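Chemist: Before anything else, here's the structure in question.
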Amino acid sequence: MNVFDIVPVKFKEGKLFLLDQSLLPNEERYIEIKTKEDIWNAIYKLQVRGAPAIGVAAAYGVYMSVRDIETEHVDSFKEQFGEIKEYINSARPTAVNLSWALSRMEKILLQSQDKTVNEIKALLFAEAEKIRLEDEAACLAMGEHGLSLLKPGMGILTHCNAGTIATAKYGTCLSPIYLGQQKGYDFKVFADETRPLLQGARLTAWELLKAGVDVTLICDNMASIVMKNGWIDAVVVGCDRMAANGDGANKIGTSGIAILAKEYGIPFYMYVPTSTIDLATPTGDDITIELRDGEEIYKMWYEKEMAPAGVKTYNPSFDVTAAKYITAVITEKGIVYPPYEAGLRQALESK
Ligand code: MRU
């Protein structure tokens, strides 16, 4: 099966389905989302994950959560929508695409002064579809821009999963790898396993193998040696929120790789659709970093607990890569180089 046949968010015959990414690579199963609790749980439990995919799922999820509200009173509908939106928005804090997509949905509501509740519901569905299709187009465009920075035969290191299942389709930083694959570029990709939730091992390696890409799985602490061996010509990663100054939050471990890449003189490319740029957040220090349960570190993947009982844990899900370590930011509008402040603004404002 073609890797692009596996879409993370599927709306079919009036029903919303999400690929349960927590089961991969062992099981490819879709779950149905009917209520606000269903979508909140799916986002919180990483059944749908990856910044753009979270945004797309939240847009459809909020639509599903309000679709069956039985009222003809627009004010009452709006009030209930507002509460549901806030609830869904509380599922995870770091990826800005969640609040971005929900705000876009809310804007539809605020612009619908003279509409009936049923008309508003139809407009909300249309907006969710638009968000999904725009993300698909953005990922394809990022792939084309990103491929211009890569050469056939290159060794490429990636972290976490910013592939087709982290987006509507194609992925952010894996998009140029797929495009290159179609053109016979023969990349040699190294995928960090990405502890503790193993997105690199479970998801990136799975996706790339399905697409026929040459992929080698390494532990996170092996990034330095593969760079030293001369096997890496570029690092490509995604982003969950980029601040106005170009600092980018991404999966925990990303900032260490960026620092290593600088040491070894390897370009470090961050793929950031404009939906992930947050000009309201001035710097990386202002980004809220999600803290998750310590059991993910010592219990989740093991038959027996792999730490002494009672040990303290610290499990941040993301870290911030300072703008000074990012060689270029690839958006769907084009490639932005440092200094980032003006370039990011321009990318966001350009049509
Ligand atoms: O916790 P996750 O799996 O949602 O984290 C995802 C990442 O950090 C991705 O690298 C990020 O969303 C990149 S954008 C596709």
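The values are calculated or read from the model by the stated rules, or taken from the named source; none is laboratory data. For clarity, every value in this text was computed on a predicted model and none was experimentally measured. Every residue, glycine among them, receives a Cβ derived from its backbone with ideal geometry; neighbour counts consider all protein chains shown. Accessible surface is based on the protein model in full, side chains and every heavy atom, while ligands, DNA and RNA are left aside. Shrake-Rupley method; radii C 1.70, N 1.55, O 1.52, S 1.80 Å.
Chemist: Please provide three numbers in whole Å: the alpha-carbon extents of the chain along the principal axes, with the largest listed first.
Modeler: For the chain, the Cα extents along the three principal axes come out at 66, 52, 42 Å.
Chemist: Taking each pair of different alpha-carbon atoms in segment 1-95 once, compute 1/r for the pair, average those values, and report the inverse of that mean as the Kirkwood hydrodynamic radius in Å to one decimal. Each step should come with its number before you reach the end.
Modeler: Working: mean 1/r = 0.0717 Å⁻¹.
Across segment 1-95, the inverse of the average 1/r is 14.0 Å.
Chemist: Could you calculate the FRET efficiency of Lys304 with Glu37 from 1/(1 + (r/R0)^6), where r is the beta carbon distance between them and R0 is 30 Å, rounded to 0.05? Present the calculation step by step, with values, prior to reporting the outcome.
Modeler: Numbers: r = 33 Å, r/R0 = 1.08.
So the FRET efficiency works out to roughly 0.40.
Chemist: Could you identify which residue out of Ala126, Ala205, Ala244 has the top mean-square fluctuation in a GNM of the chain using Cα springs shorter than 10 Å?
Modeler: Of the options given, Ala126 has the highest mean-square fluctuation.
Chemist: Under 5 Å between amide hydrogens, which residues at least 5 positions from Thr216 or on another chain qualify, with H placed 1.01 Å from N in the peptide plane?
Modeler: Val189, Phe190, Ala191
Chemist: Divide by every residue of the chain the summed helix terms, -39500 (n - 2.57) for each DSSP H run of at least 4, and state the resulting mean residue ellipticity at 222 nm, rounded to the nearest 500 deg cm²/dmol. Show your work: numbers first, answer last.
Modeler: On the way: 11 runs with 133 residues, N = 351.
Only helices count here, giving -12000 deg cm²/dmol.
Chemist: Using a 1.4 angstrom probe, figure out how much accessible area the chain has per residue, in square angstrom, rounded to the nearest whole. Show your work: numbers first, answer last.
Modeler: Values: 15260 Å² over 351 residues.
It amounts to 43 Å² per residue over the chain.
Chemist: Multiply the residue separation of His73 and Glu263 by 0.36 nm, subtract the distance between their alpha-carbon atoms, and state the gained length in nm to one decimal.
Modeler: Values: separation 190, 0.36 × 190 = 68.40 nm, distance 6.11 nm.
Length gained between His73 and Glu263: 62.3 nm.
Chemist: Excluding same-chain residues fewer than 8 positions from Lys304, which aspartates and glutamates have a Cα within less than 12 Å of its Cα?
Modeler: Glu295
Chemist: Report the local net charge at Ile326: Lys and Arg +1, Asp and Glu -1, summed over other residues whose C-beta lies under 11 Å from its C-beta.
Modeler: +1
Chemist: May I pose another question? Could you look at segment 257-333 and say what percent of its accessible area is carbon and sulfur, using a 1.4 Å probe and all protein chains? Write out the running numbers ahead of the final one.
Modeler: On the way: 2120 of 4050 Å².
The computed percentage sits at 52.
Chemist: What does the net charge come to around Lys312 if you take all other residues with beta carbon closer than 15 Å to its beta carbon, with K and R at +1 and D and E at -1?
Modeler: Working: positive: Arg292, Lys299; negative: Asp293, Glu295, Glu296, Glu305.
The answer is -2.
Chemist: In addition: Cut-off 10 angstrom, C-alpha nodes, Gaussian network model of the chain. Which of Arg202, Arg49, Arg292 fluctuates the most?
Modeler: For the chain, modelled as a Gaussian network with Cα springs under 10 Å, the answer is Arg292.
Chemist: Give the lysines whose C-alpha is closer than 16 Å to that of Lys151, dropping any in the same chain fewer than 8 places away, or say none.
Modeler: Correct list for Lys151: Lys183, Lys188.
Chemist: Provide, for segment 12-72, the number of lysine pairs with alpha carbons under 16 Å apart, each pair being eight or more places apart or on different chains.
Modeler: Summing the qualifying lysine pairs gives 4.
Chemist: Further question on the same structure: Excluding same-chain residues fewer than 8 positions from Lys210, which aspartates and glutamates have a Cα within less than 12 Å of its Cα?
Modeler: Excluding near neighbours in sequence, the set is Asp5.
Chemist: Can you give the charge dipole size of the chain about its Cα centre, rounded to the nearest 20 debye, using +1 on the beta carbon of Lys and Arg and -1 on the beta carbon of Asp and Glu? It would help to have the intermediate numbers written out before the result.
Modeler: On the way: 37 positive and 47 negative charges, 131 e Å.
About 640 debye.
Chemist: Let me ask something additional. I need the phi-derived Karplus couplings for segment 124-134: 6.51 cos²θ - 1.76 cosθ + 1.60, θ = phi - 60°, integer Hz, Gly and Pro marked x.
Modeler: With the stated coefficients, segment 124-134 comes to 5, 4, 4, 5, 4, 4, 5, 4, 5, 5, 5 Hz.
Chemist: Taking GluC sites (Glu not before Pro) that fall in a DSSP loop and have at most 13 other Cβ atoms within 10 Å as cut points, what is the longest piece of the chain between them?
Modeler: Working: sites that count: Glu13, Glu27, Glu28, Glu70, Glu72, Glu303, Glu305.
That would be 73-302.
Chemist: Another question, then. Just the Kirkwood number for segment 224-278, please: inverse of mean 1/r across all distinct Cα pairs, in Å, one decimal. It would help to have the intermediate numbers written out before the result.
Modeler: Details: mean 1/r = 0.0845 Å⁻¹.
One over the average 1/r among Cα pairs gives 11.8 Å for segment 224-278.
Chemist: State, to one decimal in nm², a quarter of the convex hull surface area for the C-alpha atoms of segment 48-166, i.e. the direction-averaged projected area.
Modeler: On the way: hull surface 33.4 nm².
So the mean shadow area of the Cα hull is 8.4 nm².
Chemist: Can you tally the net charge around Ile289? Count Lys and Arg as +1, Asp and Glu as -1, for every other residue whose Cβ sits under 13 Å from the Cβ of Ile289. It would help to have the intermediate numbers written out before the result.
Modeler: Values: positive: Arg92, Arg241, Lys251, Arg292; negative: Asp240, Asp247, Asp285, Asp286, Glu290, Asp319.
Once positives and negatives cancel, what remains is -2.
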